[in-house]
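One structure is given here, and the rest of the page talks about it.
The values are calculated or read from the model by the stated rules, or taken from the named source; none is laboratory data. Given the structure is predicted, the values throughout are model-derived calculations rather than measurements. So basically every Cβ, Gly included, is an ideal-geometry build from the backbone, and we count neighbours across all protein chains shown. We work out accessible area using only protein heavy atoms, side chains counted, and drop any ligands, DNA or RNA first. Shrake-Rupley method; radii C 1.70, N 1.55, O 1.52, S 1.80 Å.
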Amino acid sequence: MSDLPQFLFSGLTTGAVYALAALGFSLIYNSSGVINFAQGDFLMLSAMLTATLLTKGMALSGSIAIGIAVTVLVGVLLYRLAIQPAGNADVVTLIIITIGASIFIQGVVQVTLGKNQQVLPPWTGDAPLQILGAYVLPQALWVLGTAAVLVVGCAIFFKGTLTGKAMLAVAANRMAAMAVGIPAKRVLQLSFGLSALLGAVAGVVSAPITTTVYDIGLMLGMKGFVAATLGGLGSGVGAVVGGLLVGILEALVAGYISSAYKDAVPFVLIILLLLVMPHGLFGSRKTDRV
């Protein structure tokens, strides 16, 4: 049990990344009813762009800013060019569109940025810190701190700003929101941009620890989806709790059983969840797509 603090810190670090991916899933699902399986590729894209720009001699801060900005633009274009033209298509069609978008993004990155695995340098050194009996990389604290700031920022945005409240109104009843003058299409476009922003920041802050490659978004997206489903799809609190739980369980399985089974944890979880608690930990028992 002496290794438990080490495993818990490791799980919280990866879980924070999953939580941000899950929060992106929940944000888009709440506003549009779409499950965006390109969410994981937002994490990959920002990290790959940042790493590529660094190799070209650009400063780290500038590389990160451009990587995040381009990823947000891709999220907006995904809505404008793929989701919006689909109109009121059924859920399966929209899911297929996002899967196609994911494959397209991976293909473009593979051709333009390369197939090789890349890593970003740690932001504040790589000398481990000892915290509560565990050795923690400084970058892990950046991951946890950034995730906490983004989660609190999202809560303030939705509860304290007119734009956030407009997004919640569109999620509750799109027709009623439009009747009182809320531009639903702009709000939906904003939700995709914010989702891409969450993924982009998570990607660049975690890349110094996890490394990145053109096809890593698939696994990150699936784990984010499992985390969102575990917490209750559409619940912001659930997304955060689900992401942290998935990360901690992965770390415990890897530490006490075998790292070979680590990636199987989310898929076992979602099977058990669908059998025992199909609405998740914080999900409502009935969700209407409007």
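List of remarks:
- For V170, the test of being open to solvent by 70 Å² or more (accessible area, probe 1.4 Å), more than 20 Å from the chain's Cα centre (by Cα) and of a type in the set (A, V, I, L, M, F, W, C) is failed.
- I28 vs. criteria open to solvent by less than 50 Å² (accessible area, probe 1.4 Å), part of a helix (DSSP H, G or I) and modelled with pLDDT of 90 or more: no
- Residue check: L129 meets all listed conditions (1) within 20 Å of R186 (Cα to Cα); (2) open to solvent by 40 Å² or more (accessible area, probe 1.4 Å) but one, namely (1).
Results for (1) farther than 26 Å from G247 by Cβ; (2) modelled with pLDDT of 90 or more; (3) among the basic types (K, R); (4) under 15 Å from the mean Cα position of the chain (by Cα), shown as yes or no for each residue.
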{"position": "A22", "(1), (2), (3), (4)": "no, yes, no, yes"}
{"position": "L43", "(1), (2), (3), (4)": "no, yes, no, yes"}
{"position": "T50", "(1), (2), (3), (4)": "no, yes, no, no"}
{"position": "L54", "(1), (2), (3), (4)": "yes, yes, no, no"}
{"position": "I64", "(1), (2), (3), (4)": "no, yes, no, no"}
{"position": "A69", "(1), (2), (3), (4)": "yes, yes, no, no"}
{"position": "D90", "(1), (2), (3), (4)": "yes, no, no, no"}
{"position": "V109", "(1), (2), (3), (4)": "no, yes, no, no"}
{"position": "T124", "(1), (2), (3), (4)": "no, no, no, no"}
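- Check on S10, touching a helix residue (DSSP H, G or I) at 6+ places or on another chain (Cβ under 8 Å), open to solvent by less than 40 Å² (accessible area, probe 1.4 Å) and among the hydroxyl-bearing types (S, T, Y): no
- Output for the stretch 192-216, where each listed residue is modelled with pLDDT under 90 and either in a helix (DSSP H, G or I) or surrounded by 21 or more Cβ atoms within 10 Å (Cβ to Cβ) (or both): I209, T210
- Pairs where the first residue, in the stretch 5-33, is under 14 Å from G236 (Cβ atoms) and the second is modelled with pLDDT under 85 and among the hydroxyl-bearing types (S, T, Y), C-beta under 8 Å, 6+ apart: S26/S235
- Matching residues in the stretch 143-182 - criterion: being free of Cβ contacts under 8 Å to residues at least 40 places away in the same chain and among the polar types (S, T, N, Q): T161, T163
- Candidates are the residues of the stretch 127-151 that are of a type in the set (V, I, T) and at pLDDT below 90; the one that is nearest to S195 (Cα to Cα) is V151.
- One residue stands out in the stretch 40-81 among those that are open to solvent by less than 30 Å² (accessible area, probe 1.4 Å) and without any contact (Cβ under 8 Å) to a residue 24 or more places away in the chain: the one that is nearest to P208 (Cα to Cα), namely S63.
- With respect to the conditions (1) closer than 30 Å to D3 by Cα; (2) open to solvent by 80 Å² or more (accessible area, probe 1.4 Å); (3) of a type in the set (S, T, N, Q), T112 lacks only one, and its number is (1).
- Residue in the stretch 91-103 that is open to solvent by 30 Å² or more (accessible area, probe 1.4 Å) and assigned to a loop (DSSP other than H, G, I, E, B) present: no
- L233 satisfies every condition listed in (1) in a helix (DSSP H, G or I); (2) touching a residue at least 40 places away in the same chain (Cβ under 8 Å) except (1).
- Residues of the stretch 118-143 satisfying the condition of being assigned to a loop (DSSP other than H, G, I, E, B) and under 14 Å from G203 (Cα atoms): V119, L120, P121, P122
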